[in-house]
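Working notes, structure below.
Read-outs throughout are calculated quantities, based only on the coordinates presented, and are distinct from any laboratory measurement. Since we're looking at a predicted model, the values are computed, not measured. Note that each Cβ is placed from the backbone with ideal geometry, even for glycine, and that neighbours are counted across all protein chains shown.
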Amino acid sequence: MSEHPDWSDAGFETRAIHAGYEPDPSTGAVIPPIYATSTYKQDGVGGLRGGYEYSRSANPTRTALEGALAAVEGGTHGFAFASGLAAEDTLVRALCGPGQHAVIPDDAYGGTFRLFEKVEQVWGLVHSPAAVSDVDAVRAAIRPGETRLVWVETPTNPLLGIGDIEALAAVAHDAGALLVVDNTFASPYLQQPLALGADVVVHSTTKYVGG
């Protein structure tokens, strides 16, 4: 988990270019280098230097990416994973438990659908599909006392269905659920889900947010 400075007063372009990394104090380099090291020297047992011990848990390059993503989304924390589905699975398991319920788009990205259908359902998390463009359909799919997540793509992949994030956030929160928005297609340049009431934003960063 990475917590980052407040960039809310900076413009989007400034955040996209500068957030997450300060110039290297020894060389003045303004672009974060790629740290290929696997392990880091510790200043004594448990004495982490700069918070790093092993690249599996934290890496300065990844920290810079997490800071930039948090800043352009208007968030406070960022987490980077090896794949979008790794991020989704970690998020679901961190926020949900067996016996709980999620609402997902009825035209969800195939990988997301298979994650809920083939992995999370076996684990004990059940789900219901609903059209993200129909707020009433999403409301009807919620199971009071059981629904933990309302998962939205907007636009959806691949049919480009559009959801009203602010309205869906209200529906989710009224039911005691969290709203997760997959912002891959729109990117934070065009859409700011957190500002509209979403609780979490996820991306497949190899697509539009990566340029």
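Net charge of the neighbourhood of residue 167, taken over other residues with C-beta under 12 Å away and scored Lys/Arg +1, Asp/Glu -1, is -4.
Once C-alpha pairs closer than 8 Å and six or more residues apart are averaged by separation and normalised to the residue number of the chain, the relative contact order reads 16 percent. A Förster radius of 30 Å, combined with the Cβ-Cβ distance separating residue 56 from residue 196, puts the computed FRET efficiency at roughly 0.30.
Multiplying the residue separation of residue 14 and residue 37 by 0.36 nm and removing their Cα-Cα distance gives an extension gain of 5.4 nm. Among residues other than residue 53 with Cβ under 13 Å from its Cβ, the summed charge is +2 (Lys and Arg +1, Asp and Glu -1). Amide H contacts of residue 192: none lie under 5 Å away among residues 5 or more positions distant or on a separate chain (H built 1.01 Å from N in the peptide plane; Pro and chain starts excluded). Relative contact order of the stretch 1-80: 44 percent, from C-alpha pairs under 8 Å at least 6 residues apart in sequence.
Judged by the mean number of other Cβ atoms found within 10 Å, the most tightly packed of the peptides 148-161, 187-200, 113-126 leads the ranking 148-161, 187-200, 113-126.
Taking only Cα atoms and a 10 Å spring cutoff, compute GNM fluctuations for the chain and point out the largest among 69, 91, 178. Highest fluctuation among the options: 91. Computed across the chain, the Kirkwood radius stands at 18.4 Å (inverse of mean 1/r, all Cα pairs). Taken over the Cα atoms of the stretch 108-159, the convex hull encloses 67 Å³ per residue. Across all C-alpha atoms in the stretch 27-69, the radius of gyration and Dmax reach 11.3, 32 Å.
Rg ratio for the stretch 1-110: its Cα radius of gyration over 2.2 N^0.38 Å, N being its residue count, equals 1.30. Sorting the Cα pairs of the stretch 76-120 by distance into bins of 5 Å, from 0 upward, gives 5, 18, 31, 25, 16, 6, 0 percent per bin.
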